[in-house]
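Asker: What follows is a single structure, and I will ask about it in a moment.
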Amino acid sequence: MDRNSTPQKPPEYTASAPVIAIIGTGGTISCTTDSNGDLTPSLSIADIAEQAGVTDMPTCEISCFDAMSLDSSALQLEDIDALISEVRTCAETTRAQGKRLAGVVVVHGTDTMEETAMAMDVALGASIPVALTGAQRPADHPHADGPGNLKDAVAHLLEAAQSSADSPAERRPHIVFGGRVLPAAGTTKTHTTADAGFSYEAAESLASFLNTEPTLTRFSGWNVPILDAYAGADGQLVRAMMGATRRGEIPSIDAMVVAGLGSGNIPPLMADALFEAISDTGMPVVVCSRVLEGGVHFVYGGSGGGANLARHGMMSGGNLRPSQARIGLIGYLARTAANENSVED
């Protein structure tokens, strides 16, 4: 099944227990080894749920359906939009049938799980509990980790639904992986093979442009590239991209994210090229850090120092990794455009 397949619709709910919907998208958790020795998605989400032993849980009703079957490295923004729509459909269907939705588990490949998780946090906020999970090892591995991760994701949603403390933060999307339950915003993949492959950077300095309320944001249709800063970066790539945009060779660039150096600095020549792009187009530019911990602090002087970047209108990505800052920035662009359209109307 690929992204163009017609998703299976959730079955009619019959039990009085709270409902947990499990949406399959593919990823390592659904992979087995083919005759060439390659890992390819081959299991349905119903197969995975049965392998995990969650289909017959007496404490909840499980509904499984496949939205797509892809390696997450192949996901497009359109696919993320479709997944968010499926999550909303699960909530609406459950409500229409008079049932209580404990939450939605999105079973996802690990390569871009952090982007989808961030998009769900931006688009859904605390309106629908979501847990994203997956696996580092395929389903036919003798020590497959996917079943345990899926059981943990279901258990997290049930526990959150039964908790007497109605905390909005707890109802926001989480990544449940390797024995950890981590808030979606600020959690990224930090190890390619370890069971606990995701880590969370404390959220006290997350980007200020993030929205805290659910929106109807669509992420597709926005062109927001990520550029790396490095020793000697001279801005040629920035100028080449902007020139290609002016000539109509590539789609218009709506904004940029820069993986900056240290606490949020950029080589002077690259900074000059970005200043020109901002002056010409007014596009937002967000600066993150390529350093794993500590986040951005616009304090250094000099033409490429963070303090000067802020004076030129660049925004801090806070503790966000560039991958998640891009998703948050697209949400910011979509909300700004929607607000401008509502004012015009």
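The values are calculated or read from the model by the stated rules, or taken from the named source; none is laboratory data. What you see is a predicted model; the values in this text were computed from it and never measured. Using ideal geometry, Cβ is built from the backbone for each residue, glycine included, and neighbour counts are taken over all protein chains shown.
Asker: Which residues, taken from segment 23-53, are buried (at least 24 other Cβ atoms within 10 Å of the Cβ) and in a loop (DSSP other than H, G, I, E, B)?
Answerer: GLY27
Asker: Next question. Looking only at segment 145-152, decide whether some residue is modelled with pLDDT of 90 or more and either in a strand (DSSP E or B) or hydroxyl-bearing (Ser, Thr, Tyr) (or both).
Answerer: Among the residues of segment 145-152, not one is modelled with pLDDT of 90 or more and either in a strand (DSSP E or B) or hydroxyl-bearing (Ser, Thr, Tyr) (or both), which makes the answer no.
Asker: Given the conditions (1) charged (D, E, K, R); (2) farther than 21 Å from GLY148 by Cβ; (3) in a loop (DSSP other than H, G, I, E, B), and given that ASP56 satisfies all but one, which numbered condition is not satisfied?
Answerer: (2)
Asker: Looking at ALA160, is it buried (at least 20 other Cβ atoms within 10 Å of the Cβ), modelled with pLDDT under 95 and either more than 15 Å from the chain's Cα centre (by Cα) or not polar (S, T, N, Q) (or both)?
Answerer: So ALA160 fails the test.
Asker: Evaluate the following for VAL238: is it without any contact (Cβ under 8 Å) to a residue 40 or more places away in the chain, under 27 Å from the mean Cα position of the chain (by Cα) and not in a strand (DSSP E or B)?
Answerer: Yes, satisfied.
Asker: While we're looking at this one, here's another question. Tell me which residues, restricted to segment 67-88, are under 22 Å from ALA17 (Cα atoms) and touching a strand residue (DSSP E or B) at 6+ places or on another chain (Cβ under 9 Å).
Answerer: Hits for segment 67-88 are GLU86, VAL87.
Asker: If I filter segment 183-238 down to residues being among the polar types (S, T, N, Q) and at pLDDT below 90, which single residue comes out as surrounded by the most Cβ atoms within 10 Å (Cβ to Cβ)?
Answerer: Taking the candidates together, the pick is THR217.
Asker: A further question follows. Which of the residues belonging to segment 90-107 are in a helix (DSSP H, G or I), surrounded by fewer than 18 Cβ atoms within 10 Å (Cβ to Cβ) and not acidic (Asp, Glu)?
Answerer: ARG95, ALA96 - these are the residues of segment 90-107 that are in a helix (DSSP H, G or I), surrounded by fewer than 18 Cβ atoms within 10 Å (Cβ to Cβ) and not acidic (Asp, Glu).
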